[in-house]
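Worksheet for the structure shown next.
Quick note: the coordinates plus some simple rules give every number you see, no bench work behind them. As the structure is a prediction and not an experimental result, all values here were calculated from the model. Methodologically, a virtual Cβ is constructed for each residue, glycine included, from the backbone with ideal geometry; neighbour enumeration extends over all protein chains shown.
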Amino acid sequence: MQPDWVPDGLDIDRPSVARIYDYLLGGSHNFAADRALARQAIEAIPDLPVQAATNRAFMHRAVRFLVDAGVTQFLDLGSGIPTLGNVHEIAQAADPQARVAYVDIDDVAVIHSQHLLADNPNAIAVRGDLRRPAEILADAEVSGLLDLSRPVAVLAIAVLHAISDDDDPAGIIAALRDALRPGSYLAMAHGVNTRVEDADLVVDLSKRTTTPMTLRTPEQVQRLFDGFDLVDPGLVWAPLWRPESPHEVPDRPERSGNLAGVGRKP
């Protein structure tokens, strides 16, 4: 018997990256097909849970940095299934008036987020396709919550590698950048293909999900920040982006598999 939060018509036999990520983070909103592929992926690439955890920790640090920088509006793209310590919890702990719009293409992620946010007037979740940034910005709920005449922080944490080269990730980011006022930010973590064998395994396994992955070179990831000024320390392995204590820095930060950075629109 399916849980009552499962939307009608959802194909639970096809793994979803959002639900696999939820499983890697210790969440419960995933199905047998997601767990089976996740366990197979972990067997082949034991660092996958580390990568999910370090991306999550980077997001926490980036959001705290952005609130300290005076940003109180967040557009979280590919937000996934909400787990403990999501963007609105981090931002609103620092500023109760912070506004967060979550966007994901996965129905389970959106429906569960909407349920959790029902009593939060400053946070919403909508279904949207990152490949259509203009539609996301024009969405009535998004435009009703976020004021684009003021700075907005766009979060793209572990999502742009779900966008193929044919779908032009640089063009997507450029469209978002051009819609933002100066003083806005882009925070991004992106999987890279520096370890070729691992990269090939990740890509092959992802082809069995609804959103296959395209890992990129560090140079390609750097170019996604065109038009933004990277803040210190620039584009680095995710655990090395402004760690809050020496204990957060692992012996092998490259195990995170993701480069991370935050850029400001001048």
Q. Taking the inverse of the average 1/r across all pairs of different Cα atoms in the stretch 21-70, what Kirkwood radius in Å do you get?
A. 12.2
Q. Which helices count as membrane-span-like in the chain under these terms: full DSSP H, at least 24 Å along the axis by C-alpha, Kyte-Doolittle mean of -1.0 or more?
A. 48-68
Q) Taking the Cα centre of the chain as the origin, how large is its charge dipole in debye, to the nearest 20, when only Lys and Arg (+1) and Asp and Glu (-1) carry charge on their Cβ atoms? A) 480
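May I ask for the net charge around Arg150, where only other residues with Cβ less than 13 Å from the Cβ of Arg150 are counted and Lys, Arg are +1 while Asp, Glu are -1?
Here the count lands on +2.
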Q) Using bins 5 angstrom wide from zero, how does P(r) for the stretch 55-147 break down, in % of all Cα pairs? A) 3, 15, 27, 26, 21, 9, 1
Q. Based on the alpha-carbon gyration tensor of the stretch 1-134 and its eigenvalue square roots a ≥ b ≥ c, which shape applies: rounded if a/c is under 1.5, prolate if not and a/b is larger than b/c, or oblate?
A. oblate
Q. Rounded, prolate or oblate: which fits the chain, taking a ≥ b ≥ c as square roots of the Cα gyration tensor eigenvalues, rounded meaning a/c under 1.5, else prolate when a/b beats b/c?
A. rounded
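Determine, for each peptide in 53-66, 171-184, the mean count of other beta carbons within 10 angstrom over its residues, then list the peptides with the highest first.
With the highest mean Cβ count within 10 Å placed first, the list reads 53-66, 171-184.
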**Q.** FRET efficiency, 1/(1 + (r/R0)^6) with R0 30 Å, evaluated for Ala118 and Arg14 via beta carbons
**A.** 0.60
